[in-house]
1. Return yes when ALA248 is modelled with pLDDT of 95 or more, open to solvent by less than 60 Å² (accessible area, probe 1.4 Å) and small (Gly, Ala, Ser) and no when it is not.
2. Quick one: LEU31 ticks every box in (1) over 30 Å from LEU209 (Cα atoms); (2) more than 9 Å from ligand 1 (Cβ to nearest atom) except a single one, so which number is it?
3. Take the range 1-53 and flag every residue that is assigned to a strand (DSSP E or B) and open to solvent by 30 Å² or more (accessible area, probe 1.4 Å).
4. Quick one: would you say ALA371 is under 18 Å from VAL283 (Cα atoms) and either open to solvent by less than 80 Å² (accessible area, probe 1.4 Å) or in contact (Cβ under 8 Å) with a residue 12 or more places away in the chain (or both)?
5. Would you confirm, using the coordinates I've provided, whether ARG330 is open to solvent by 20 Å² or more (accessible area, probe 1.4 Å), without any contact (Cβ under 8 Å) to a residue 40 or more places away in the chain and of a type outside the set (S, T, N, Q)?
6. Scan the range 82-129 residue by residue and report those that are in a loop (DSSP other than H, G, I, E, B) and either crowded, with 16+ Cβ neighbours inside 10 Å or touching a residue at least 12 places away in the same chain (Cβ under 8 Å) (or both).
7. Mind listing just one residue for me: the one in the range 254-268 that is exposed (fewer than 14 other Cβ atoms within 10 Å of the Cβ) and hydrophobic (A, V, I, L, M, F, W, C) and, of those, farthest from ligand 1 (Cβ to nearest atom)?
8. Out of the residues in the range 205-245 that are among the aliphatic types (A, V, I, L, M) and in a helix (DSSP H, G or I), state the one that is farthest from ligand 1 (Cβ to nearest atom).
Amino acid sequence: MKTEVVIIGGGPSGLLLSQLLNRANVSTVILERATRARVLSRIRAGVLEPGTVQMLHEAGVDERLKREGLEHNGCFLTDDDLMVQINFRQLTGKSVTVYGQTEVTADLYTAQDEMGANIVHEVEDVAIQSLDQTSSSVEYTVKGERKRIDCAYVAGCDGFHGVSRKTIPAAKRREFERVYPFGWLGILSQTPPANEELIYANSSRGFALASMRNKNLSRYYVQVPLSDEPDAWSDDRFWQELRSRLPAETADALVTGPSIEKSIAPLRSFASEPLRWGNLFLVGDAAHIVPPTGAKGLNLAVSDVFYLHQALIDALKRDNNAGIDAYSERALARIWKAMRFSWQMTNMLHQFDGEDSFAARMRKATLSHLAQSETARRELAENYIGLPF
Ligand code: FAS
Ligand code: PHB
């Protein structure tokens, strides 16, 4: 089989890249390890930057998003004494949209089906070859049969645990990492959200986040030790701990109910350079991971797709390689700024095991400064809504 671009990974990065390329008459094949049901069962990101919303519009997949997405003009940062609103609309003229990654992925699958896209699920043993040749190839096994696709380019959209990044020789990769000594225990409950806008709480008992998916589907998180297991947290224990970390008036108004999903996500900051190796380009979580504190993970994957889809169209349809030659440097420039913001938000809002009293004072001073300085709030707001592509 031949195609122009083989995309490894059928998550949001791979699907959005395929959709944008197909709309420009670039042929693709997506190779996905999991079943479609498994991909669509994942509960991940919840906040879309305006740049992401624009990209979904350009991909022709924003009809449901326009109907069901919730426009948010701000969020709150709190500790045991303060509740500071960051008013994105007033500070930047922009807002974010609350619409779950699960829904984005479902909308992309629907659009790719309508496009007649070639998506192969349950593939195994993907191997990428001849990246330094004019034509490359990708081998894989599906239903016990070994297959091969010849292509011009390969997009590694296969997440942190995928095969793409590891195809780049270890000696040629520069990797940067910070693993945080805690995780986020998240639950989903069919209850009205505790607050109209998101609340990021830095309480003396640890971090909590009150988020949502819609007006009757709430998403909450509490910081837990990495040694914790979801089963060790009954719903009652979760609600009690969440209440203890939220501002009193929010806690009093909290509507609880049975959890319909409960999981613990580890937190890490990670980046691998370069993002290109011959005909292979890394995209999204295959190249970088950010702690969800800054709501950047999915949005950063989208800006990678923004840069790469233009570059591949120029190379394949206009015989212009400037975009693919610049992709790694261009994408990394935005990646590192989002990496910084996510790291800063994580340090500002979490307690670290064994930290000294100085660290707690630094968190308090940061929040106090945000309360008093519009300049400080504007700096946070412009990062939260997403820096320009
Ligand atoms: P993904 O990991 O979503 O997709 C990669 C795909 O490649 C998967 O479907 C996988 O099955 C497939 N794959 C892997 N190896 C393969 C192989 N060898 N062959 C073929 N296919 C292969 N971001 C936020 O902004 N906010 C959040 O709250 C948030 N919470 C998260 C919680 C968890 C538990 C995780 C893991 C991530 C979270 N993220 C969050 C980040 C997340 O949303 C990612 O940024 C987003 O999924 C990135 O999309 P992709 O790059 O497509 O990677
Ligand atoms: C979510 O709703 O899942 C969510 C929102 C904002 C974040 C992280 C997660 O920063």
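1. no
2. For LEU31, the exception is condition (2).
3. Matches in the range 1-53: LYS2, GLU4.
4. no
5. Working: open to solvent by 20 Å² or more (accessible area, probe 1.4 Å): yes; without any contact (Cβ under 8 Å) to a residue 40 or more places away in the chain: yes; of a type outside the set (S, T, N, Q): yes.
So ARG330 passes the test.
6. We begin by selecting, within the range 82-129, every residue in a loop (DSSP other than H, G, I, E, B); these are 82, 93-95, 99-100, 116-117, 121-123.
Within the range 82-129, LEU82, LYS94, SER95, TYR99, GLY100, ALA117, HIS121, GLU122, VAL123 qualify.
7. Among those residues, the one meeting the criterion is VAL255.
8. In this case the residue turns out to be ALA232.
The values are calculated or read from the model by the stated rules, or taken from the named source; none is laboratory data. It should be emphasised that the depicted structure is a prediction, and the values quoted were computed from it without experimental measurement. Every residue, glycine as well, gets a Cβ built from its backbone with ideal geometry; the counts of neighbours run over all protein chains shown. Heavy atoms of the whole protein, side chains included, go into the accessibility calculation; ligands, DNA and RNA do not. Shrake-Rupley method; radii C 1.70, N 1.55, O 1.52, S 1.80 Å.
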